[in-house]
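Take a look at the structure below.
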Amino acid sequence: MDLFTTIATFGHEQILYGYDASCGYRGIIAIHDTRLGPALGGTRFWQYANTDEATIDALRLARGMTYKSAVAGLNLGGGKSVIIGDNKRADREALFRAHGRLIETLGGRYITAEDIGTSPADMEHVRMETSHVAGLHGRSGDPSPVTAYGVYVGMKATAKFRWGSDSLTGRTVLVQGCGNVAQNLCDHLHAEGAKLVVTDIDAAKVKRVVEATGAKAVAPDAIYDQPGDIYSPNALGATINDDTLRRLKVEVIAGGANNQLAEARHGDALEKQGLSYAPDYVINGGGVINVYGELLQWDLDRAKRKAAQIYDTLLTIYDIAKRQGIPSYQAADHMAEQRIGAVAGLRKL
């Protein structure tokens, strides 16, 4: 991989690599765009196959954060960091303090929080080395409840667009992934009377959701073949791809995962197949809203009220897509780019 060509292709400002042999720390920070404000994005801890795979993931996620913050109306840019390794390891302090030291070298251009494989406790270790961290104990903490609420209202908005009613009562929702976001989402869906089909590579997580909601559990790869109304990806990205597109038996795709489309052309394919797609960085924007609220010292209710605006934002995106004859993911990009361009073009007085 030619790194500078890759950065130019994605449109990033900066990428930073860090290594500490004492604790086995291997970290990557990608900064996509800071025209609206400092780059905000969580730290993902994952066992990547190689450095190239980790780099591409960081770059894609950082770009998504730029667009996510722009569409949500936040004064933040987009960034992301990844740590390569086993996220089940117990000795975490030195690892995350090393990560905090790398973040500190950026002088506030990048602010982190938790993501897949990390927790508020890990962010406390980061905080020992830098002040540029959120998602701490006693503050906003775990962003999953607000993220899940945003996905829930976004799913209702997509139902309104698709079927003329935002009621999810009686709708069958295929939930891929049973992590923190998905567990909270399933609680909302169950309370409204939706029928749930769930899966995860972690059997214990599936069991918790089944016991709490009465959901039907299926094998991880079988989720794509289940008949239903909505497919909700809530784990890793790229689950909308050449293989799954021919297998899905739903009308709506709406979930909390990042980078749901394996490639942009899969968004075009969804449009051609007549499926309604809630752009991932719009519907899952509750997490960045939660962290932004922590930075501005909002309470949880205010963060949830802001996340509730995802409903109207998605309806606006669907309207733009319909009027312009473009896929919803392109309409979302246009909305984000318009705000970035307008704000970035302002002159200082």
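How are the C-alpha pair distances of segment 145-255 spread across 10 Å bins, as whole percents from the shortest bin up?
Bin by bin from 0 Å, the calculated values are 16, 53, 30, 2.
Modelled label-to-label distance, THR5 and ALA308, 7 Å Cα→beta-carbon offset: nm?
The modelled label-to-label distance comes out at 5.0 nm.
Place a +1 charge on the Cβ of each Lys and Arg in segment 295-349 and a -1 charge on the Cβ of each Asp and Glu, then give the dipole magnitude about the Cα centre in debye, rounded to the nearest 20.
Computed charge dipole of segment 295-349: roughly 200 debye.
How far is helix 144-163 tilted, in degrees, relative to the longest principal axis of the Cα atoms in the chain, given as a value from 0 to 90 rounded to the nearest 10?
40 degrees
Ignoring ligands, DNA and RNA, what percent of the 1.4 Å accessible area of segment 86-218 is carbon and sulfur?
Roughly 49 percent, rounded to a whole number.
Given a 1.4 Å probe and the protein chains all in place, what does the accessible area of SER22 round to, in Å² to the nearest 10?
110 Å²
For the chain, take the longest principal axis of its alpha carbons; what is the angle in degrees between that and the long axis of helix 286-295, to the nearest 10 within 0 to 90?
40 degrees
Considering only protein heavy atoms, what is the solvent-accessible area of LEU346 at a probe of 1.4 Å, reported in Å² to the nearest 10?
Accessible area of LEU346: about 130 Å².
Among LEU59, GLY274, ALA215, which residue has its Cα furthest toward the positive end of the charge dipole of the chain, with +1 on Lys/Arg Cβ and -1 on Asp/Glu Cβ?
Farthest towards the positive pole: GLY274.
With every protein chain present, what is the per residue accessible area of segment 275-345 (1.4 Å probe, Å²)?
44 Å²
Which cross-chain or sequence-distant (5 or more) residues have an amide H under 5 Å from the amide H of GLN176, H modelled 1.01 Å from N in plane?
Under 5 Å from the amide H of GLN176 lie the amide H atoms of SER232, ASN234, each far enough along the sequence or on another chain.
From zero outward in steps of 5 Å, how is the percent of C-alpha pairs of segment 218-349 spread across the bins?
2, 9, 17, 20, 18, 14, 10, 6, 3, 1, 0, 0
Rg over Rh of the chain, using C-alpha atoms and the Kirkwood radius, what does it come to?
In the chain, Rg relative to Rh is 0.95.
Could you work out [θ]222 nm for the chain from helices alone, using -39500 (n - 2.57) per DSSP H run of at least four and dividing by all its residues? Round to the nearest 500 deg cm²/dmol.
Calculated mean residue ellipticity at 222 nm is -14000 deg cm²/dmol.
Gaussian network model of the chain, Cα springs within a sub-10 Å range: biggest mean-square fluctuation belongs to which of ILE31, ILE326, ILE310?
ILE326
Only sites in a loop by DSSP and with at most 16 other Cβ atoms within 10 Å count here; which trypsin sites (Lys or Arg not before Pro) in segment 102-184 make the cut?
ARG139
Determine the per residue accessible area of segment 28-171 with all protein chains present and a 1.4 angstrom probe, expressed in square angstrom. Don't skip to the answer; put the middle values down first.
Details: 4910 Å² over 144 residues.
That works out to 34 Å² for each residue.
The values are calculated or read from the model by the stated rules, or taken from the named source; none is laboratory data. All values reported here derive from a predicted model rather than from experimental measurement. A quick note on method: Cβ atoms are made from the backbone with ideal geometry, for glycine too, and the neighbour counts reach across all protein chains shown. SASA here: full protein model, heavy atoms, side chains in, ligands and nucleic acids out. Shrake-Rupley method; radii C 1.70, N 1.55, O 1.52, S 1.80 Å.
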